[in-house]
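Notes for the one structure printed next.
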Amino acid sequence: MDIKCIYVSVLLVVADGLDVRGPSGPLVVPLGSSVVLPCYVDELLLTEGLEVEWRRTGSESLVHLFLDGKSQAQKQQQDYQDRAHFFTDQIHHGNFSLRLDNLRAEDEGQYTCAVYSQQDSGETVVEIKIERLLVSGSDASVSASVGEDVTLNCFVDSHIAPEHIEQILWKKTDGNIQVLLYQNNQALPNSSDERYRDRVGFFTAEIPKGNFSLRLKSVRTEDKGVYVCQVFAGGLSASATVELERLGLSSLHIAVLIFCFVAGSGAVLLLCCLIYYRSKNTVTSSTIWNLQLSLIFFPNFCLFFAFVFWGLTEGFLHETITCCALYILRPVMLITALPCLKYLQGNVKTWIRFFKITREFSVFTIILHSVIFTNVWRRHGHANFALCIISGIFFGFVVLVCVFLNGGLFPLYSFLLSFFQLFHLLFSLELPSPAFLIVAFVQQILLIYIPFLPLVEAKVKFLCQRWITLLWITTLLHIVLQIYFYLGIFQKENESVEWTCVISFLEVLRMMVVFENSMPEEVLFSGQRQQHQTETNQQGSKKLHLCHEIMYMFGAVVLVLLSSVTLTAELILKARE
């Protein structure tokens, strides 16, 4: 909305005769209101023979005329009829001011007040200058391809110099997201929302010309929408909107689609080949082994590169790092479930066992907490440096414990790691309530209790037949409590559910590590080793082998297909919105 006001400044011209005066300073009047153009003398004049003439300077347009003791309204130019008036009762006192009603934009200019008496004359020039605050953007919508740079126009036309403008605010109307703020004659990039930080800026050389256009770098699909440029100056405000639409897919997006398609179709094709060759007794084990390795590595590496390109285009640092880490580490988990592992011999088997779940858990933990620490540093690096230092210290402890986790004393290192992880999260994120500390404490107790359950079972006869059931109940309770805890601690984050899912996956890895290091496979069947030991172990081995088959198929094929379809659908939907 354009708001215009009127500045009235008076230039006094002193004639040789009458000393005609005006006001000492400007008069500010809103557009559409009335303004008094001052014109007066300090001495009394007789109305007989007195003539007062108001004209537009530089033209013959007669604004008003006082002659023969009365106003001559019939001689006014048509544009000023019924709008320009004398104070007739004040003229004999030397007040020749003119009231101009319903001010218009075309009233801007200079006006001459000429006074003629029987002996002397004089005049003064009054300049009406429109004080305006006009903000204009782009008449048409702006289009760009994803990954390109785009300019959103915002031009300010005002009597106020750009260096005196109080504030320029760029916002995205969808979600009321602050894009960039200009205040105190400088841009404030730290005030931008995280999605736009380091991607937006002004054209500094153009600001003195009133050009506050926004430069948006590396356009993403989520940038599509309506943007508003709000200007505040001199108690006035005005705005203009610009729409960014029709975002096309970039070459990186096309690469994401290709990798998703190759990952999904490749997983299905390799699975079909594996089923076919395993059904033929003439095929060597090395061929099946190569197919299984291909099914493990090829689709997951394709998704790894798909998320790398997705991160380069959309800029989701946290999502990109965690997903890339997940897909690059998933083969480690799949190898442990590889059905033919028991048939492998020599160096190959040793090499595979080197990449066990404990190492995957350690690497994924370090990557995840590095993302959390980076997030804290970006948010509070300038405002709360002490918090960043404390968060960094606990992150360092997490890394240190993860390095030693693969050695001995697993229960001790596992407890220390859980303790440092907890405090790293507490210092990095805001705790919603002190009650959540109780939940975290119970979690730690359960985590300590689980590894010692087999030892308790060996000494307590009552638990001989029931300790596995108790183990499952304890494990499920631990997982439920940790999901509740993380949902609460991440509730103020933009992607709280996603964060909770990622850390829940980390907790599942933790439980697998606990079982692997604290409960060897033979312990799981120790409850009935006094009776039917051979039969029970065989049944347990078959069930364990079946679990490995299911986990192998789910991780190698199903999750790959779900991830490929989900990422492809999200990309297509964003492009269409």
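General observations
- Residue tally, condition modelled with pLDDT under 80 and either in a strand (DSSP E or B) or of a type in the set (V, I, T) (or both), over segment 113-142: 4
- Taking (1) buried (at least 18 other Cβ atoms within 10 Å of the Cβ); (2) modelled with pLDDT of 75 or more; (3) over 18 Å from V502 (Cβ atoms) in turn, Y413 satisfies each apart from (2).
- Identity of the residue in segment 46-58, over 60 Å from the mean Cα position of the chain (by Cα) and under 22 Å from Y111 (Cα atoms), that ends up surrounded by the fewest Cβ atoms within 10 Å (Cβ to Cβ): E51
Per-residue answers, yes or no, for (1) at positive phi; (2) β-branched (V, I, T); (3) touching a Ser or Thr at 6+ places or on another chain (Cβ under 9 Å):
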{"residue": "S61", "(1), (2), (3)": "no, no, no"}
{"residue": "D68", "(1), (2), (3)": "yes, no, yes"}
{"residue": "Q72", "(1), (2), (3)": "no, no, no"}
{"residue": "Q76", "(1), (2), (3)": "no, no, no"}
{"residue": "D82", "(1), (2), (3)": "yes, no, no"}
{"residue": "F87", "(1), (2), (3)": "no, no, yes"}
{"residue": "H93", "(1), (2), (3)": "no, no, no"}
{"residue": "S97", "(1), (2), (3)": "no, no, no"}
{"residue": "L100", "(1), (2), (3)": "no, no, yes"}
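- Y227 vs. criteria closer than 24 Å to L573 by Cα, aromatic (F, W, Y) and in a strand (DSSP E or B): yes
- Residues of segment 204-218 that are touching a residue at least 24 places away in the same chain (Cβ under 8 Å) and over 17 Å from K171 (Cβ atoms): I207, P208, K209, G210, N211, K217, S218.
Residue-by-condition table, conditions (1) over 22 Å from T358 (Cα atoms); (2) modelled with pLDDT under 65; (3) outside the structural domain of F385 (by TED's automatic domain parsing):
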| site | (1), (2), (3) |
| --- | --- |
| L429 | yes, no, no |
| I438 | yes, no, no |
| L447 | no, no, no |
| L471 | no, no, no |
| L476 | no, no, no |
| I479 | no, no, no |
| E493 | yes, no, no |
| T500 | no, no, no |
| Q528 | yes, yes, yes |
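- Condition met for S71 (over 59 Å from the mean Cα position of the chain (by Cα) and closer than 22 Å to I128 by Cβ): yes
- Taken as a whole, the condition of being surrounded by 14 or more Cβ atoms within 10 Å (Cβ to Cβ), in the same structural domain as G58 (by TED's automatic domain parsing), among the small types (G, A, S) and over 24 Å from D19 (Cβ atoms) applies to A73.
- Taking segment 152-170 as the range and being under 16 Å from S138 (Cβ atoms) and modelled with pLDDT of 90 or more as the test, the residues that pass are L152, N153, C154, F155, V156, W170.
- Scanning segment 23-45 for residues that are surrounded by 14 or more Cβ atoms within 10 Å (Cβ to Cβ) and in contact with a helix residue (DSSP H, G or I) (Cβ under 8 Å, 6 or more places away or on another chain) yields a count of 2.
- Within segment 80-110, being more than 19 Å from K70 (Cβ to Cβ) and either surrounded by fewer than 20 Cβ atoms within 10 Å (Cβ to Cβ) or modelled with pLDDT under 90 (or both) holds for D101, N102, L103, R104, A105, E106, D107, E108, G109, Q110.
- Residue among E108, E148, E127 that alone is of a type in the set (D, E), under 30 Å from G210 (Cβ atoms) and assigned by TED's automatic domain parsing to the domain that holds E243: E148
- Options N190, N184; residue that is touching a Lys or Arg at 6+ places or on another chain (Cβ under 8 Å) and of a type outside the set (V, I, T): N190
- Within segment 177-192, the set of residues being without any contact (Cβ under 8 Å) to a residue 40 or more places away in the chain and farther than 17 Å from L152 by Cα comprises Q183, N184, N185, Q186, L188, S191.
The values are calculated or read from the model by the stated rules, or taken from the named source; none is laboratory data. In this text the structure is predicted, and so the values were computed from the model without any measurement. Cβ atoms come from the backbone with ideal geometry, glycine included; neighbour counts cover every protein chain shown.
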